[in-house]
Structure formats: C-alpha cells, structure tokens
Amino acid sequence: MIIKFWGVRGSIPSPPTPTALKERLKAALMVALEIRPDPNRLTEFLDSLPDRLVATVGGNTPCLEIRDGDDFIIIDAGTGINALGRSLSDERIDPDAERLRYLVESQYHDLPFSQFDKNEKILNINLLFTHTHWDHIQGFPFFTPLYQRTTTINIYGKRGQQIHDVLRLQQSDPILFPVCLDHVAAKLTFHDFPPEGLKIGPFEIESLTLPHPGGSLAFKIRSGGKTVVFATDYEFVGTDTEAENAESRLSNFIEGADVFVSDTQYTFLESMTKEGWGHSSPLKVAEMALHAGVKKFFLFHHDPFYSDQKLYEMLERTHSYTKLLSNDHGMFIDLAIEGRQIEV
C-alpha cells in the first residue's frame with residue numbers, strides 16, 4: 001500500500017503549498033547568487049535540503065489517498081481533494097473551472113454532457129468520511145471528477161450523520177455554491193459505513209467510533225498483509241473511566257499497525273486549555289502508539305495557526321518523550337506532510 005497526504009491541516013486551510021514555496025526559493029537563489037547554474041543541479045541541491053528549509057508542512061485540510069496497485073480509496077474531502085481530483089482526471093479534460101462555468105451558464109436545463117464523453121476516462125471512486133465537520137468536506141464541491149459524467153462515487157459515512165444532506169446543504173444553490181449537488185455530472189451513491197466492515201477491491205476496512213463532538217470514525221485498512229489506521233478528530237474526555245475506556249478501544253484498534261496516522265492538533269499544554277474541543281496532543285498519542293506496538297506514527301491534523309517551526313518542535317519533543325519511555329522503542333515518528341507518499 002501507498003499513502004499519499006493531500007491535506008494535513010485541521011480547521012481551516014493555511015497556504016502556501018510546498019511546491020509553490022520551493023519554486024519561489026529556487027527563483028530567489030537564482031537572483032541572489034547571480035548565476036545561471038544547470039537547473040538540474042539546482043534541483044538536486046534543493047532536494048538534498050531538509051523539508052523544513054525548502055517546503056511547508058502544507059496548508060490544505062484533510063484528505064488522504066491509499067493505493068494498492070490500481071485500486072485506491074480516498075478518506076475525507078478537505079481542500080486537499082482539489083489537487084487529488086486533478087490528478088485523477090485525464091490531462092485532456094477541461095479544467096474544473098471551465099466545467100463549473102459551463103454548468104452555471106447552462107442553468108441545468110437538458111445538459112448536453114455528450115461533448116465531454118469522448119475524452120473522459122471511467123472513474124470508480126470510493127470516498128470515506130470520518131465525519132462531516134466543515135474542514136473534512138469543504139473541498140468536495142471542487143473535486144474535478146464530480147463534474148465528469150463517466151465518474152461513479154460511492155460515499156461512506158458514519159451512521160446518523162446524513163452525509164447526503166450535509167453535502168447537499170454545502171452546495172445550496174445559489175446561496176452557498178453555484179452548482180447544487182443534484183446537478184453534478186457524476187453518479188453519487190451514499191452509504192452508512194457498515195458495522196461489520198467493508199471490502200473494496202483488495203482493501204478490508206473496519207471502523208471505530210471516536211469521542212469527538214458529533215462523533216468521528218477511525219478507519220483500519222488492511223491489504224497485502226499490511227495495516228494502516230487513520231484516526232483523526234478525537235479526544236479522551238469525560239469521567240476517568242470513560243476516557244480510559246475510549247483510549248483502550250483505540251489502543252486495541254491500532255495494535256501492531258504498520259502505519260498509524262493520528263490527530264495531534266495541540267501541544268500538550270494547549271490541549272489542557274481546550275478540553276472538550278475534540279483534539280489530541282502528540283505526547284499522549286505517541287505513548288498509546290508505543291504501547292500498542294505501532295511501527296510508524298505520523299502526526300496529523302495540524303493546527304492552522306501553528307507555524308512549521310512549531311510543528312517540527314512538537315515532533316522533536318515527541319521523539320524525546322518516546323525515547324524517555326523506551327530508549328530502544330524503534331517506532332518511526334514523523335509529521336504528515338502535504339504531497340508526501342508513504343510506502344507501507
């Protein structure tokens with residue numbers, strides 16, 4: 001399996017993107033050094049520098065892609081899903097901005113989608129939602145395959161959260177968005193995530209309800225003998241017993257996972273001032289992951305007001321803390337960084 005992070009921030013987007021920053025840095029170096037080096041050598045030099053010097057952690061809100069060969073699933077539709085949608089669409093397809101303009105100007109009357117059929121490739125997409133808070137759905141209206149007639153999207157969400165109603169409300173025409181959900185070109189099918197789990201292609205997927213305002217789902221994905229767990233937007237709150245039970249359930253859920261991607265939005269100190277907000281801190285989660293035998297742990301759902309420097313400081317403190325707990329623990333720990341691919 002391969003995991004790609006398309007959006008890693010929580011709450012609201014916080015640009016710029018890593019690619020844009022690297023290009024600006026490259027241009028600045030060309031001017032500052034007053035040289036015209038071989039562009040390939042300059043690129044090699046930049047690639048040799050650590051991420052904290054040449055890129056940002058990323059500013060788009062949550063979206064993950066998990067692939068195994070040609071099969072893939074998507075988790076959440078924050079603003080990161082915009083770039084993912086473009087990557088899924090054929091280069092010959094008109095930009096989504098043009099497609100949106102066409103839909104609006106047509107006023108939804110007898111839309112002649114046939115003009116798009118010739119070049120469009122068939123896409124069968126499975127999209128899982130952890131929950132319906134805005135940072136996890138706000139990119140959906142800008143998902144390019146949504147405006148392709150040859151796209152089918154199966155959408156899975158937590159029982160009782162009415163994913164269809166929420167997405168339709170978000171695209172209320174013309175109050176909130178110029179194209180309502182009923183007039184997109186793709187075929188949409190909505191499902192409650194089944195309690196017994198789900199099999200999509202090579203992926204076997206289980207869910208676990210997490211303590212978060214309104215509830216959130218964690219997903220465990222197995223394929224090819226490997227296990228990935230994605231758990232965002234949760235906090236162990238309530239009575240001591242309730243908090244311990246919630247932590248125990250998640251600890252059992254992630255036991256032995258090859259990769260664990262987890263909400264770690266706040267520093268430990270700030271999390272104590274924001275109890276009940278529904279987010280975790282890296283030290284607490286790292287301790288749980290360590291005891292559960294997780295092999296790779298990625299900090300996710302970064303606070304939009306935290307600088308990259310602060311995020312790297314949180315990462316270093318997490319490394320130090322886990323080393324204190326077990327000097328030879330062997331658990332790999334890193335930040336989830338927009339655009340990065342992780343091989344499981």
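Quick note: the coordinates plus some simple rules give every number you see, no bench work behind them. Bear in mind that the values here come from a model prediction, so they are computed numbers and not experimental data. Using ideal geometry, Cβ is built from the backbone for each residue, glycine included, and neighbour counts are taken over all protein chains shown.
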request  = Taking H placed 1.01 Å from N in the peptide plane, check which residues at least 5 places from SER216 or on another chain put their amide H under 5 Å from its amide H.
outcome  = LEU210
ask   = Can you work out ³J(HN,Hα) from phi for every residue in the stretch 15-28, in order, using Karplus 6.51 cos²θ - 1.76 cosθ + 1.60 and θ = phi - 60°, giving whole Hz and x for Gly and Pro?
value = x, x, 8, x, 4, 4, 5, 5, 5, 5, 5, 4, 5, 5
message = I need the calculated FRET efficiency for the pair ASP192 and GLU275, taking r as the beta carbon distance and R₀ as 30 Å, to the nearest 0.05.
response = 0.50
message = So if each residue of separation counts as 0.36 nm, and I subtract the Cα-Cα distance between ARG159 and GLU204, what length gain in nm does that give?
response = 14.3 nm
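Please express the shape of the stretch 191-344 as an equivalent ellipsoid: the semi-axes are the square roots of 5 times the eigenvalues of the C-alpha gyration tensor, given largest first in whole angstrom.
Its equivalent ellipsoid spans semi-axes of 23, 19, 16 Å.
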task = Round to a whole angstrom and tell me the spacing of the C-alpha centers of the stretch 236-267 and the stretch 42-62.
result = 30
remark   = Amide H neighbours of THR61 at under 5 Å, excluding residues fewer than 5 places away on the same chain, with H built from the backbone geometry, are ARG9, THR79, GLY80
Percentage relative contact order, the chain, counting C-alpha pairs under 8 Å, at least six apart = 19
ask   = Antiparallel DSSP bridges in the chain: what percent, to the nearest 5?
value = 50
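Pop out the Kirkwood hydrodynamic radius of the chain from its pairwise C-alpha distances, inverse of mean 1/r, in Å to one decimal.
21.3
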